[in-house]
1. State, to one decimal in nm, how far the label point of residue A:137 lies from the label point of residue A:58, with both points 7 Å from Cα in the Cβ direction.
2. Which ordering of B:90, A:139 is given by a fewest-first count of other beta-carbon atoms within 10 Å?
3. For the range A:1-77 and the range B:90-149, what is the separation of their Cα centres, given in Å?
4. For chain A, restrict the atom set to alpha-carbon positions and state the Rg and Dmax in Å.
5. Which FRET efficiency, nearest 0.05, do residue A:102 and residue A:82 yield, Cβ-Cβ r, R0 51 Å?
6. Using bins 5 angstrom wide from zero, how does P(r) for the range B:2-132 break down, in % of all Cα pairs?
7. Shielding of B:78-87 by partners, i.e. mean partner chain Cβ atoms within 10 Å per residue?
8. At a Förster radius of 51 Å, what calculated FRET efficiency corresponds to the Cβ-Cβ distance of residue B:97 and residue B:160, to the nearest 0.05?
């Protein structure tokens, strides 16, 4: 009974400049036995001169044992500071397939080959409710309706059956 | 212990690679139609040579007759080299069409990989899966049920109002229509000044009208 691990570097939300971006490192044990001495270190967001600021979490993970059929995860929260395309590398996880096994096994994480960090302006354009545009539209619509209505109400107030009211 | 290690390493041909998979979000293989299904695929290279994983592709098939293809999903291109003794995890995503009937389907997921000499394709997932209805906040069936209920309530209100007006209408006429009474012609208004004309007895128009005219002329 040996462990078989699947490792994923998961980014769910689209990265946006100045917004918190969550990166999950998830390890699934799909084998028949527990895995031992799991460890990984990610270097995508910690390089010198990196434009990512780490807000929460760490870029490495370590577990003594992972039972079969279970999973563990570690999240890292970063804030990108500039727009652009950033390469992502498959993080390598090392582990032992069984307690007796002295050889260390490695698995490379499934991940995107790169990610595009969107600028705030692009993000706003894509996601805003466009209140200003809708407001203008409604005002213009009202304008075209208000003029006939004003004439109608003036007529109703001052005339009865086409004859001007006496009082 | 040593024996176990030996049996692991002895492998020839394309069988010296092994696959593993997991559907992280849907472990019981029940996929809601129209949502993104992710499968993590593990590829272990136990051979002496490197393998290159070129792509993963999947299709939805008839559950009994796997040769009938219902949907083909976009091929994922990877181009990842896996060195001897190494293992890699790949993520593949596909979306079962939102209009699929909620029932069982056959799902095939295959991987294309090659060494320097040969190309291989292996279907590592070949099983039936259950496509379920997408859980939605807006339930069309419920919407029309509510609409139907509102319609019935409206009908009841309309019918009840139709039975009541005899007690309500006169009151409202007297109170509100004092200024606009010119447009409302009631029987009381007409009876006085139209007496003796054809307007009071419209049924006697054809035969008696001429005689009435003669009388008027004589008078």
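Any read-out appearing in this document is the output of simple, stated calculations on the displayed coordinates, not a laboratory observation. Since the model is a prediction, treat every value here as computed from it, not as a measurement. Quick reminder, even Gly has a Cβ in these numbers, built from the backbone with ideal geometry, and neighbours come from all protein chains shown.
1. 5.1
2. In order of increasing Cβ crowding within 10 Å: A:139, B:90.
3. 27
4. 30.6, 109
5. Details: r = 45 Å, r/R0 = 0.88.
Computed FRET efficiency for residue A:102 and residue A:82 comes out at 0.70.
6. Going from the shortest bin to the longest, the percentages are 2, 10, 20, 21, 16, 13, 10, 6, 3, 1, 0.
7. 3
8. Details: r = 48 Å, r/R0 = 0.94.
That gives a FRET efficiency of 0.60.
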